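Accompanying notes for the structure given below.
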Amino acid sequence: MTSESAIEKVYQLAVERYGEMGVDVAAATKALAGVPVSLQCWQGDDVGGFENAGGELGGGLAATGNYPGKARTPDELRADMGKALSLIPGKHRVNLHAFYAETRTRVERNRLEPAHFAAWIDWAAQKGLGVDFNPTCFSHPMAAEGFTLSSRDEGVRKFWVEHCLACRTIAEHIGRRLGSACVTNHWIPDGYKDIPVDRLGPRQILRKSLDEIFAVKTDLACNLDAIECKLFGIGSESYVVGSHEFYMGYAATNQKLLCLDAGHFHPTEVISDKISSVLEFVPGLLLHVSRGVRWDSDHVVIGSDELQAIAQELVRGNFLSRVHIGLDYFDASINRVAAWVIGTRSMLKALLAAFLEPIAKLRAVEIAGDFTARLALLEEAKSLPLGAVWDHYCLAHAAPVGAAWLDEVKAYEKAVQSKRG
Ligand code: RNT
Ligand code: ZN
């Protein structure tokens, strides 16, 4: 066990060391405490949802792995998320998908109501968590043809428009109840496996559907709409209706939040460089922080160069009031509670590193045209004593220090998850 006094000692030395670089550690940790990360509920049950237990995961999504102990009920999922949240410093949010509704009998997705999320809302209120929301336009017979909001079948299209409208009503209710705007992210899987001859038609239909959905005004203090693009998915390799250009144009024209998912671009294309570009034209962003490995594989977020670059952009640009950070991955090959903890702690640590950057100095040398110093100082900054500040931050926020959280997950796995059939 690391002793508290040792943590305190190295922290004091770190404060001094950062101070020499012109960095105020207390200001950095205070800023970090104000940044919530939205934890995706779907990591806990491999994007299963609770409406038709046993239904196939659709929309070209794939959760690979068969690690035992996934959550089977809403109570189990809440317990698992509660466990994960207790191992992460700070106050955060929970991201729900519509098919995590709790209904006594089957309720069609276009008939969902706030009441079907009462247990989630009460739980979040009691824990002081914000909640975000998503229409579920996949894993459903009406999505079986591969088209939802862009379907040429008017019955199908209407159904999904109604579903999105129902979701926005639910989100507005959630935001009002919890006193914190709910970000509603609209993602659809629509696309073709093979080369289409009409790329325009489905996009015109999607535009019309979005117009119908957003024609109903919601209170911006309670609900914020986001739209999420994608380059390709499994089964939509050749064409995705909701491409980056499509939603970028729509979000800019209609002043919606744009959702950038780190796994939704060409493998060498990064979202960190997009943040300052698109924020010139859209009111805000939702980030789906993810980690693609060779493709949009939704691996657990780790402290990669790109994660650091995302955090740096958010902090350097002072964008955090306009950017909502959500995680989006689903790994079924490791303990699912650990997957949340690893990804969220990595995200927070990357933000802390960004807040601790000797930015004044870096900016000064860049403006002076001294690119030698810029590169040199950026490299030196990488080995400043971040770990000492992070450990102290965890301690101050009553979260386990270092890998101590892993013992708690192992104990939880033994006592709770391993007992699930
Ligand atoms: C799919 C999108 C989308 C989903 C979630 C479950 O490629 O990234 O955000 O992962 O809605
Ligand atoms: Zn996503």
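The values are calculated or read from the model by the stated rules, or taken from the named source; none is laboratory data. No experiment lies behind these values; they were computed from the predicted model shown. In this analysis, Cβ positions are derived from the backbone assuming ideal geometry, glycine residues included, and neighbour counts consider all displayed protein chains. The protein model used for the area step is the full one, side chains on, heavy atoms only, and it has no ligands, DNA or RNA in it. Shrake-Rupley method; radii C 1.70, N 1.55, O 1.52, S 1.80 Å.
Among the GluC sites (Glu not before Pro) in segment 12-57, those located in a DSSP loop and surrounded by at most 15 other Cβ atoms within 10 Å of their own Cβ are GLU56.
A simple rule links phi to the HN-Hα coupling: the Karplus curve 6.51 cos²θ - 1.76 cosθ + 1.60 with θ = phi - 60°, which for segment 139-153 gives 6, 7, x, 6, 10, 5, 7, x, 10, 10, 5, 10, 5, 6, 7 Hz, with x for Gly and Pro.
In square nanometres, what is the average projected area of the Cα convex hull of segment 276-390?
Numbers: hull surface 35.2 nm².
Across all orientations, segment 276-390 yields a mean hull projection of 8.8 nm².
Each Lys and Arg contributes +1 and each Asp and Glu -1, all at the Cβ; summed about the Cα centre of segment 142-255, the dipole is approximately 220 debye. Calculated FRET efficiency, SER297 and SER5, Cβ-Cβ r, R0 45 Å, to nearest 0.05? Working from the Cβ atoms, E equals 0.55.
Comparing LEU287, ASN318, ILE271 along the charge dipole axis of segment 251-334, the residue lying farthest to the positive side is ASN318, per the Cβ-charge model. Length available on full extension from THR105 to ASP24: 0.36 nm per residue minus the Cα-Cα distance, which gives 23.6 nm. Summing Cβ point charges (Lys, Arg +1; Asp, Glu -1) relative to the Cα centre of segment 265-382 gives a dipole of roughly 320 debye. Can you compute log10 of I(q)/I(0) for the chain with the Debye formula, treating each Cα as one identical point scatterer, at q = 0.07, 0.08, 0.13, 0.14 Å⁻¹? So the normalised log intensities are -0.34, -0.44, -1.15, -1.32.
Identify the trypsin sites (Lys or Arg not before Pro) of segment 326-417 meeting these criteria: DSSP loop state and at most 14 other C-beta atoms within 10 Å of the C-beta.
Working: sites: ARG336, ARG345, LYS349, LYS361, ARG363, ARG374, LYS382, LYS410, LYS414; in loops: LYS382.
Qualifying residues, ordered by number: LYS382.
Of the listed residues GLU108, GLU306, the order by accessible area with a 1.4 Å probe, largest first, is GLU108, GLU306.
Cross-link reach is defined here as a Cα-Cα straight distance under 17 Å, omitting same-chain residues fewer than 8 places apart; for LYS382 the lysines meeting it are LYS349, LYS361.
Once the Cα atoms are used to define both axes, helix 386-396 deviates from the longest principal axis of the chain by about 70 degrees. For segment 141-215 versus segment 232-285, the inter-centroid distance based on Cα atoms is 16 Å.
Using the Cα centre as the reference, give the magnitude of the dipole from point charges on the C-beta atoms of the chain (Lys, Arg: +1; Asp, Glu: -1; all else neutral), rounded to the nearest 20 debye.
Working: 44 positive and 52 negative charges, 145 e Å.
Computed about the Cα centre, the dipole is about 700 debye.
Between helix 4-20 and the chain there is an angle of about 80 degrees, using the helix long axis and the longest principal axis of the Cα atoms.
Only protein atoms count toward the accessible area here, which uses a 1.4 Å probe; on the chain, the carbon and sulfur part of that area reaches 55 percent. Length available on full extension from ASP219 to ALA373: 0.36 nm per residue minus the Cα-Cα distance, which gives 50.6 nm. Accessible surface calculations at 1.4 Å, restricted to protein heavy atoms, place segment 1-141 at 45 Å² per residue.
Between the amide H of GLY284 and those of LEU258, distances stay under 5 Å, these residues lying 5 or more places away or on another chain, with hydrogens modeled in the peptide plane.
Considering only GLN126, VAL156, TYR412, the residue lying farthest towards the positive end of the dipole of the chain is GLN126, judged by Cα position with unit charges set on Cβ. In the chain, the DSSP-assigned H stretches of four residues or longer account for a calculated mean residue ellipticity at 222 nm of -14000 deg cm²/dmol, using -39500 (n - 2.57) per stretch and the full residue count as denominator. Cross-link pairs exceeding 23 Å between alpha carbons, from the set LYS83/LYS419; LYS83/LYS274; LYS127/LYS414; LYS83/LYS127: LYS83/LYS274; LYS127/LYS414.
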